[in-house]
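The values are calculated or read from the model by the stated rules, or taken from the named source; none is laboratory data. Since this is a predicted model, take the numbers as computed values, not measurements. Ideal geometry is used to build each Cβ from the backbone, glycine not excepted, and the neighbour counts take in all protein chains shown.
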Amino acid sequence: KASAQNSANRANYKKERLHRTGSKPYRQVAWELGAKDGNEPSFLEMFRQTHKKDSEFVTPEIAQKKKSEMLWRKIHLFSKWRLLKRFSNQNLEVTSSDLEEE
């Protein structure tokens, strides 16, 4: 019964969430990637390490989509930061809520 339920769960699992770490927690992966030396890995490094099998992404189309989303998010936040910095140089008050995503 448990095996049948597990098979059904895997069949319904969203393919974009496939990872290859097995039972190893992400904190252990981060530790192995350099956190033990004080070099915390970036989100992209963690994603690459946990979603590849034999140097290939488990689902390449999803990996590309996630990479594009992360890039656009960084561009958006950087642009917003520069704009807010420009206003803050003019003695306008900038609060942390101004930096929140929309």
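Every residue, every condition in (1) at pLDDT below 75; (2) surrounded by 11 or more Cβ atoms within 10 Å (Cβ to Cβ), yes or no:
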position	(1), (2)
K24	no, yes
A30	no, yes
T50	no, yes
K53	yes, no
E56	yes, no
T59	yes, yes
Legend entry - Whichever residue in region 32-48 is of a type in the set (D, E, K, R) and surrounded by 14 or more Cβ atoms within 10 Å (Cβ to Cβ) and, among such residues, is farthest from K65 (Cα to Cα): E45
